[in-house]
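Shown next, in structure tokens, is the structure this report addresses.
The values are calculated or read from the model by the stated rules, or taken from the named source; none is laboratory data. This one's a predicted model, so the numbers in the text were calculated from it and none came from an experiment. As a convention, Cβ positions derive from the backbone with ideal geometry for all residues, glycine included, and neighbour counts pool all protein chains shown.
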Amino acid sequence: MRATPRAALMGATLCAACGPSPQRPSDDVQTPLEQYVTVPLTADLSGLSDAQRDVIPLLIEAAEEMDRVFWLQAWGDPDSLLRNIEDPGLRRLVEVNYGPWDRLGGYAPLLPGVGPRPPGARFYPEGLTKEQFESYVAAHPDQAEALRDLYTLVRRSEDGSLTAIPYHVAFAEQHERAAEKLRQAADLAEDAGFVRYLELRADALLTGNYRASDLAWMDMKDNTLELVIGPIETYDDALFGYKAAHEAYVLLKDRDWSQRLARYTSLLPELQRGLPVPDPYRQEQPGSDSELNAYDALYYAGQANAGSKTIAINLPNDENVQLRKGTRRLQLKNSMRAKFDSILLPITAELIAADQRPNVTFDAFFGNVMFHEVAHGLGIKNTINGRGTVRAALQEHYSPLEEAKADILGLYMSGALRERGELTQGTREDDLVTFLASIFRSVRFGASSAHGRANMIQFAWFQEQGAFAKDSATGRYRVDFGRMERAARDLAAQLLRVQGDGDYAGAGRLLAQRGVVPATLQVDLDRLGTSGIPVDLVFRQGIQILLP
Ligand code: ZN
């Protein structure tokens, strides 16, 4: 069954550190290309069977088709753009951004004459405004569902009318090639659940009906190789957030870590009951089948590979599947380790008080990101006052608020688990100081990133509440542990209420007041740029990197 437009609007879970952003340190501090550090994407494949090794290149080839489609959604034909750029550094930068707009720099144009990025990218006709779309849909209610659908492009006909073209028609060539690779992979794959998923996902790419494959994806439990592929996240549609962009991740499950993570999922209902809000705001039951696994990433493609790199995923986005099967959270450990080493530790050295620097640890970073993911599944997806889904009610404010909720509830949860003796690794001080250091990292994604704005809200709130102090002599920050705990709890309650009330105006006020970078913080961000600390990663990836 096809996702209804309403279902399509709901609950996409946006995950960590994806998405675009501005607030790059001024150009003389760090060029757009210097914001990226290139790291090889590798993993230990020695535990794989020959058949599993043979599957990997097929999965990567299918992923490459998603990459091609994403170019068309984000810009258009990449070759015509890239071949006219002589400077190899600039060409590389345009490649990394999947188009001529700087995803780490508020979509500032990277090439002369390209103009501003259209908010609706190429999902909608050129120049179409929100108002024009809404008035057209109001006048043609029979087309509303198709035009708002997650899996259609909107195009304008010669007579000015709008039409919806399903992705599997618009991108038939790429979908067919990807489906063929998935079928070949299914022939070789050993795990029955994975085989079934690959076959159903191939069908989905050909028909546009993704639900059966999403269900099959949730049903598979024992596979070592993992694939996320298709039109999935809606971040790139800044006009409405309706349209899914194509992406893929080829992943290898880390069984040891996954076992360590498994026990936290069993605590989800208890964690939901413990949320610091009145009952109506915590009345929904998180799916009982949700799971949390750690992986090493083998390949990123499309939206996942554009600009800032995702280190944690929570899927599927289809609420119908979420309610029936829960979600799966995927922590990408090798990507996280690369970000921790190349970015978070240097930020810590620059901005965290010397005595609290030992509290910034990979375990705490891994934990905070993990609980961020769990927290996406907590709270409520539907407003408590008949305003429909939280996502539909909050519209373009939904993404930054949902990310802020996930960050802050994640922190609240790790504290609750420590109190229960369920989480014993590291210390609470590690959680909190690492969280603050991570805010500096994520604020650098800027205001065009949901995660960037989410972190600005948290920084502003923590500052107002005295959760940290800045030493005027050194310019470094020190956490006040008690105040930060209280501030986190209060912000969690506030965000859950705005969501539950479907309070669009309140969400807008919160973002306008706090979802910005204050001048004092900008000075610190510029220091990070001056010190040459990268903002994000670019991967050297592919089968020749994995199997040299
Ligand atoms: Zn997230």
Note on Pro400: of the conditions (1) buried (at least 24 other Cβ atoms within 10 Å of the Cβ); (2) out of contact with any Lys or Arg (no Cβ under 7 Å at 6 or more places or on another chain); (3) modelled with pLDDT under 95, unmet is (2)
Heads up, the helices (runs of 4 or more DSSP H) in the range 336-400 (entirely inside) with at least 2 residues that are over 23 Å from the mean Cα position of the chain (by Cα) are 345-351
Residue pairs within 9 Å by beta carbon, gap of at least six or interchain, first lying in the range 162-173 and touching a residue at least 40 places away in the same chain (Cβ under 8 Å), second outside any strand (DSSP E or B) and among the aromatic types (Phe, Trp, Tyr), listed first then second, are Pro166/Tyr151; Tyr167/Tyr151; His168/Tyr151
Quick count over the range 34-48, residues being closer than 25 Å to Ala178 by Cα and touching an Asp or Glu at 6+ places or on another chain (Cβ under 7 Å), is 1
Selection from the range 75-117 of residues under 15 Å from Val538 (Cα atoms) and of a type in the set (D, E, K, R) yields Arg91, Arg92, Glu95, Asp102, Arg103
The residue that is nearest to Glu34 (Cα to Cα), considering only those in the range 318-332 that are within 15 Å of the chain's Cα centre (by Cα) and not in a loop (DSSP other than H, G, I, E, B), is Leu332
Restricting attention to the range 44-86, the residues that are of a type in the set (S, T, N, Q), under 30 Å from Lys243 (Cβ atoms) and in a loop (DSSP other than H, G, I, E, B) number exactly 1
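Are any residues in the range 457-468 part of a helix (DSSP H, G or I) and under 27 Å from the mean Cα position of the chain (by Cα), and if so, which ones?
So the first thing to find is which residues in the range 457-468 are part of a helix (DSSP H, G or I), and the list is 457-464.
Result: Ile457, Gln458, Phe459, Ala460, Trp461, Phe462, Gln463.
Restricting to the range 298-317, count the residues that are within 13 Å of the ligand (Cβ to nearest atom) and not in a loop (DSSP other than H, G, I, E, B). Spell out the reasoning first.
Here is the first cut: in the range 298-317, the residues within 13 Å of the ligand (Cβ to nearest atom) are 308, 310-315, 317.
Subsequent filtering for residues that are not in a loop (DSSP other than H, G, I, E, B) retains 312-315.
Of the residues in that region, 4 qualify.
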Counting only residues that are among the polar types (S, T, N, Q) and either in contact with a Pro (Cβ under 7 Å, 6 or more places away or on another chain) or within 16 Å of the ligand (Cβ to nearest atom) (or both), the range 357-408 contains a total of 2
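For the range 318-352, enumerate the residues that are among the acidic types (Asp, Glu) and buried (at least 21 other Cβ atoms within 10 Å of the Cβ).
Of the residues in the range 318-352, the ones among the acidic types (Asp, Glu) are 318-319, 341, 350.
Asp318, Glu319 - these are the residues of the range 318-352 that are among the acidic types (Asp, Glu) and buried (at least 21 other Cβ atoms within 10 Å of the Cβ).
Quick one: which helices (runs of 4 or more DSSP H) sit completely within the range 469-548 and have at least 2 residues that are of a type in the set (S, T, N, Q) and touching a residue at least 60 places away in the same chain (Cβ under 8 Å)?
Of the helices (runs of 4 or more DSSP H) lying wholly inside the range 469-548, those with at least 2 residues that are of a type in the set (S, T, N, Q) and touching a residue at least 60 places away in the same chain (Cβ under 8 Å) span 519-530.
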Filtering the range 265-319 down to residues that are touching a Pro at 6+ places or on another chain (Cβ under 6 Å) and either closer than 22 Å to Met218 by Cβ or β-branched (Val, Ile, Thr) (or both) yields Leu268, Gln272
Condition set outside any helix (DSSP H, G or I) and small (Gly, Ala, Ser), scope the range 183-224, selection surrounded by the fewest Cβ atoms within 10 Å (Cβ to Cβ): answer is Gly208
